[in-house]
1. Please verify whether VAL93 is buried (at least 19 other Cβ atoms within 10 Å of the Cβ), of a type in the set (A, V, I, L, M) and within 16 Å of ILE39 (Cβ to Cβ), treating the condition exactly as stated.
2. Do you know which residues across region 1-28 are assigned to a loop (DSSP other than H, G, I, E, B) and open to solvent by less than 80 Å² (accessible area, probe 1.4 Å)?
3. Taking the condition of being assigned to a helix (DSSP H, G or I) and surrounded by 14 or more Cβ atoms within 10 Å (Cβ to Cβ), how many residues in region 45-59 meet it?
4. Got a sec? Which of TYR71, TYR81, TYR40 is outside any helix (DSSP H, G or I), among the aromatic types (Phe, Trp, Tyr) and in contact (Cβ under 8 Å) with a residue 40 or more places away in the chain?
5. Residues of region 75-90 being among the hydroxyl-bearing types (Ser, Thr, Tyr) and open to solvent by less than 70 Å² (accessible area, probe 1.4 Å), which ones?
6. Conditions first: (1) more than 14 Å from the chain's Cα centre (by Cα); (2) among the hydroxyl-bearing types (Ser, Thr, Tyr); (3) within 15 Å of ILE69 (Cα to Cα). TYR132 passes all but one, so which condition is the exception?
Amino acid sequence: MFNKILSIQEIKQKKESVLQSEREACSPLLTDYSQIPVIYEWFKNYMNRLDCPPNPESVNQRKKFIFVILYLYAPASILGYKMPNGLRAKIAVTLGVQKHCSVSMYCEDLIFLSQHYKEFRNDIEDVFRYIY
């Protein structure tokens, strides 16, 4: 009987520890959305410095930019959690996307791309180091 109570206590402690870790991992590095257009300019400047600069307006480059922004402002949203209010709209305006739902569509495969395509992942890491 007491083993069961001790087991429940241990589970509760582990659960609290995991939830605390999740809160810490989900905390944004930045909160001021007015900086997103500035970050986009830095992103484009970085891309223009490459030997063979890609078109920053291409879907693939937009996805890289969105990944970086989500990592900075709402890391959990990369995994499908809800974006904070106003973030999707600010990204859409910055990218010149008329339909804000397009931003959500760009987000659908970010984890897949970063896990399965080394070049995509490396580009994101390089851009992040340049920006942050």
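1. For VAL93, the condition - buried (at least 19 other Cβ atoms within 10 Å of the Cβ), of a type in the set (A, V, I, L, M) and within 16 Å of ILE39 (Cβ to Cβ) - is not met.
2. Filtering region 1-28 for residues assigned to a loop (DSSP other than H, G, I, E, B) gives 1, 27-28.
Once the filter is applied, which keeps residues that are assigned to a loop (DSSP other than H, G, I, E, B) and open to solvent by less than 80 Å² (accessible area, probe 1.4 Å), region 1-28 yields SER27, PRO28.
3. Matching residues across region 45-59 total 2.
4. TYR81
5. SER77
6. (1)
The values are calculated or read from the model by the stated rules, or taken from the named source; none is laboratory data. Keep in mind that this is a model prediction, so the values were computed, not measured. Neighbour counts are summed over all protein chains in view; Cβ atoms, including those assigned to glycine, are modelled from backbone coordinates with ideal geometry. These area figures cover heavy atoms from the full protein model, side chains too; ligands, DNA and RNA do not enter into them. Shrake-Rupley method; radii C 1.70, N 1.55, O 1.52, S 1.80 Å.
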